[in-house]
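Read through the structure below, which is laid out as structure tokens, and then see the notes.
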Amino acid sequence: MKRVHPKHLWRVLQGRLAAGTMAPPAILADPAAGPEPSLEHPVSQACTAGQFASPRYAAWCAAIGEAPRTHRKQWEFCYILEVLHQADMLAPGRRGLGFGVGEEPLAAYFAARGCTVVATDLGAAEAERAGWVDTGQHAAEKAALNGRGLCPAEAFAERVSFRVVDMNAIPPDLAGFDFTWSACSLEHVGSIAKGLAFIENSLATLRPGGLAVHTTEFNCSSNGRTLDNAGTVLFRRRDFEGLARRLRTQGHRLAFNFHLGDQPLDRHIDVPPFSADKHLKLRLDRYLTTSFGLIVQRAEDGAGD
């Protein structure tokens, strides 16, 4: 199937909404999902309204030079930061590997904390074909990663390097890292199967006991039909549960909370043109989606090599 950039999907979506041909989907309810997820005790979990009220959320926004807002993309940064902080990964001597980094501020912040970082993204030509250059989601050069000045220039130059990497073909020499991350990139690698393979393959870049933290799209309205084999795919609960079963047999560790929140903002569905706030869940085609964070700790004994 031809890969379609998300901006074209949004245009199709706007047309369907305007024409009244799109029935409003319902959010999946799971009474056994457990308590609402929190930022203070993160596991693999969805973006929910309650997490924005955490003092940790405001602190992380300040750390990366942003004003707090109830937007799922900002939540993804704060979630990744909190997970790595709690795992003691944001410290001098730690080595981090980022995938599909675009112009996000995380690499610069990690470097400011003393980490050595390898930031990766598509090559310029491939990114332009996919439409990422037009939307400012591609790192054309290393300097773009420190656009907010989060890290002193000399320390940034010393601690951060940039490589062109296809997430579907991770070079084998990228190995031995303490942590790896990606923010809303793996849903764009072509299919659900390729996205799940990327998560599993990213573990090979870690030392035993290292941590992978990825955020992506989660289908809130269906555990059956979904978007697949497209420029943007929507992962279902069953996709993550199947991945978890496979990874656990290899000794890797992960835990889930599939609660989707029950505050009014959790039930608000944003539609194009999307707002800069109140943007936790949105319609994409016939489905509802939100951001979901995944945490995987690589087996301590090096299983999966």
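Worth pointing out:
- The residue that is surrounded by the most Cβ atoms within 10 Å (Cβ to Cβ), counting only those in region 70-91 that are in contact (Cβ under 8 Å) with a residue 12 or more places away in the chain and out of contact with any strand residue (DSSP E or B) (no Cβ under 8 Å at 6 or more places or on another chain), is Leu81.
- Unmet criterion (only one of (1) surrounded by fewer than 23 Cβ atoms within 10 Å (Cβ to Cβ); (2) farther than 24 Å from Leu227 by Cβ) for Leu206: (1)
- Pairing each residue of region 43-67 that is within 20 Å of His214 (Cα to Cα) and touching a residue at least 12 places away in the same chain (Cβ under 8 Å) with any residue that is of a type in the set (Ser, Thr, Tyr) and part of a loop (DSSP other than H, G, I, E, B), provided the two are 6+ apart or on different chains, yields C-beta distances under 8 Å for Ala49/Thr70; Gln51/Ser38; Phe52/Thr70.
- Selection count, region 210-263, where residues are acidic (Asp, Glu) and over 18 Å from Ala29 (Cβ atoms): 3
- Condition met for Asp239 (closer than 22 Å to His188 by Cα, touching a helix residue (DSSP H, G or I) at 6+ places or on another chain (Cβ under 8 Å), assigned to a helix (DSSP H, G or I) and of a type outside the set (A, V, I, L, M, F, W, C)): yes
- Residue within region 214-232 that is charged (D, E, K, R) and assigned to a helix (DSSP H, G or I) present: no
- Helices (runs of 4 or more DSSP H) contained entirely in region 1-88, each with at least 2 residues that are modelled with pLDDT of 95 or more and out of contact with any Pro (no Cβ under 8 Å at 6 or more places or on another chain): 55-63, 72-86
- Residue within region 94-108 that is touching a residue at least 12 places away in the same chain (Cβ under 8 Å), surrounded by fewer than 23 Cβ atoms within 10 Å (Cβ to Cβ) and hydrophobic (A, V, I, L, M, F, W, C) present: no
- Any chance Thr120 is under 16 Å from Leu186 (Cα atoms) and among the hydroxyl-bearing types (Ser, Thr, Tyr): yes
The values are calculated or read from the model by the stated rules, or taken from the named source; none is laboratory data. Being a predicted model, the structure only gives us computed values, none of them experimental. Cβ atoms come from the backbone with ideal geometry, glycine included; neighbour counts cover every protein chain shown.
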